[in-house]
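Q: Provided herewith is a single structure, encoded as structure tokens, for subsequent inquiry.
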Amino acid sequence: MGSGGWSRRRFVGALAGTAAAAALPACGDAPSETEPPASEPSPSAPRATTSAPRDTGKPSGPRPLHLGTYTSVEGGGTGIGLATYDAESGRITAGGTLTDVANPSYLALRPDGRTLYAVNEQDDGAVTAVRLSDRKVLGSRSTGGGGPCHLSVHPGGRWLLSANYTSGSVAVHPIEASGALGERTDLVTHSSPSPGPGQDGPHAHQFITSPDGGHVLAVDLGTDTVYTYRLDEKTGRLTEVAQAHTRPGAGPRHLTFHPGGRHAYLANEVDNTVAVCRYDPETGRLSVGEAQSTGTGSGTSYPAQILVTSNGAYAYLANRGHNSLTRYVVEADGARLRLLDTVPVAGDFPRQIAFSPDGSLLFAANQKSSTVSVFHVNTRSGELRLAGEPFASPVAVCALPL
């Protein structure tokens, strides 16, 4: 991020002196929502106010929720937060902490649902595996870089992909049958192109698999580039096949694919924009479209993460600074995003957002207010409605509902 912004490194360093104040959010300080464009058929934007959920017929009862945090800062957590949420009401109930996991700032689940993985976001970066049946830590492995901030599991469940923010590299680890991690099989540092305006080097921010499973893509904020690799599923080695470049200084952070698999949406942290991208499954090549508005106005705000509903109809963007969620309608089979409105997130600095497995709830982890907000998602209109008061969670940087 540019010199004037709240980068991850700056925020963690400053948090020690501000944790007490950050833990006291004022709901009235949330920004006002913007009016929808004239083309929006709804006469007014949806309000982020507490409301009773509709009877959707979905299963009720407690479901697991895991929470990421920083353990090395004042006011942070002591490990991975354990909680449950009610699938009908969205209400979160605390359930303790899984200790002995340092700075678990991002979490991911193996496809079989048996193993949880966490980054250890520190100078000597690592990734940790946790068996969920008895919450046993299965060990950690070095990522070969500093400040790992994102990880994902390859769809086959045999490889873990992680992104080292500080050192601008991506790593691959094998996953054993037990869910434990083997020694790293590859590490690639983004040495080209040169860093973008205001950047001191590459900063890998995300590492994911394309919907077709044929490629893995790494988003690098420092080089304004999305790198496409082929992953050899026998050796765990990476081969670069393409690069996609944003406009200089965009600072790409997070990429999400449309369910159709031919388009993706890129959240640009530094210049506060989003872009629609075309994706070619045959070559792995991504083409970045024109920068679009986040609806947050002229104030300082940093997009964090963008999500798309499972039916491909709506997309949501978390805005840090503006403290809102932007709602887009997806058009032309994924080729267009049309901005509808923004909704206050009822917290401060929404670092990460996630859907519940059935898509009926959206969770927002609010880093500076140390809270998690939960919203009901109307599958027909895309409307978001706040599901009660936000849940207190120390320096909440990731919420993973199961």
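Q: Is the stretch 285-327 rounded, prolate or oblate when judged by the Cα gyration tensor, a ≥ b ≥ c being the square roots of its eigenvalues, rounded requiring a/c under 1.5 and prolate requiring a/b larger than b/c?
A: oblate
Q: Taking only Cα atoms and a 10 Å spring cutoff, compute GNM fluctuations for the chain and point out the largest among A204, A94, A218.
A: Between A204, A94, A218, it is A94 that shows the largest mean-square fluctuation.
Q: Suppose every Lys and Arg Cβ carries +1 and every Asp and Glu Cβ carries -1, with no other charges. What dipole size does the stretch 213-292 come out with about its Cα centre, to the nearest 20 debye?
A: The calculation lands at about 160 debye.
Q: Between the DSSP loop rule and a limit of at most 14 other Cβ atoms within 10 Å, which trypsin sites (Lys or Arg not before Pro) in the stretch 220-312 are left?
A: K234, R237
Q: Would you grab the residues whose amide H sits under 5 Å from the one on D186? Only those 5+ places off in sequence or on another chain, please, with H modelled 1.01 Å from N.
A: V172
Q: Also, I was wondering about something else. So if I take the centroid of the Cα atoms in the stretch 125-195 and the same for the stretch 326-367, what is the distance between those two points in Å?
A: A separation of 27 Å, based on Cα centres.
Q: Just to confirm a number: summing +1 for Lys and Arg and -1 for Asp and Glu over residues other than G179 whose beta-carbon lies under 13 angstrom from that of G179, what do you get?
A: Working: positive: R110, R114, R131, R135, K136, R141, R158; negative: D112, D134, E176.
So the environment of G179 carries a net charge of +4.
Q: Normalised by the number of residues in the chain, what is the relative contact order in percent for Cα pairs under 8 Å and 6+ residues apart?
A: In percent, rounded to a whole number, it is 15.
Q: Separate question: Summing +1 for each Lys or Arg and -1 for each Asp or Glu, what net charge is found among the other residues whose Cβ lies under 14 Å from the Cβ of D112? Walk me through the numbers before you get to the answer.
A: Working: positive: R110, R114, R131, R158; negative: E176.
Value of the local net charge: +3.
Q: Measuring from the lowest to the highest alpha carbon on each principal axis, how far does the stretch 186-321 reach, largest first, in angstroms?
A: Each principal axis gives a Cα extent; for the stretch 186-321 these are 48, 39, 20 Å.
Q: What is the dipole size for the stretch 335-402, taken about its Cα centre, with +1 at each Lys and Arg Cβ and -1 at each Asp and Glu Cβ, in debye to the nearest 20?
A: Working: 6 positive and 5 negative charges, 47 e Å.
That gives a dipole near 220 debye.
Q: Please turn the phi angles of the stretch 199-211 into ³J(HN,Hα) values with the Karplus equation 6.51 cos²θ - 1.76 cosθ + 1.60 (θ = phi - 60°), one per residue in order, whole Hz, x for glycine and proline.
A: 9, 9, x, x, 9, 5, 10, 7, 9, 9, 9, 5, x
Q: Oh, and also: Of the candidates V226, V343, V130, which one comes out as most mobile in a Gaussian network treatment of the chain with C-alpha springs shorter than 10 Å?
A: Top of the fluctuation ranking is V130.
Q: May I ask for the percentage of alpha-carbon pairs in the stretch 315-402 that lie more than 23 Å from each other?
A: In whole percent, the long-distance tail amounts to 19.
Q: Lys and Arg at +1, Asp and Glu at -1: add these up for the other residues within a Cβ distance under 13 Å of A399 and post the number.
A: +2
Q: For the chain, with only Lys/Arg (+1) and Asp/Glu (-1) charged at the beta-carbon, what is the dipole magnitude about the Cα centre, in debye rounded to 20?
A: Charge dipole, the chain, about its Cα centre: 400 debye, nearest 20.
Q: Where a ≥ b ≥ c are the square roots of the eigenvalues of the C-alpha gyration tensor, would you call the chain rounded, which needs a/c under 1.5, or, failing that, prolate if a/b is larger than b/c, or oblate?
A: Values: a/c = 1.33, a/b = 1.13, b/c = 1.18.
Rounded, since a/c falls under 1.5.
Q: Over what distance in Å are the Cα centres of the stretch 84-118 and the stretch 264-279 separated?
A: When both Cα centres are located, 28 Å separates them.
Q: For the chain, set up a GNM with springs between Cα atoms under 10 Å and report which of A126, A275, A392 has the largest fluctuation.
A: Taking springs between Cα atoms under 10 Å, the residue moving most is A392.
Every number here is computed from the coordinates shown, using simple stated rules; none is lab data. Please read these numbers as outputs of a predicted model, since none were measured by experiment. Every residue, glycine among them, receives a Cβ derived from its backbone with ideal geometry; neighbour counts consider all protein chains shown.
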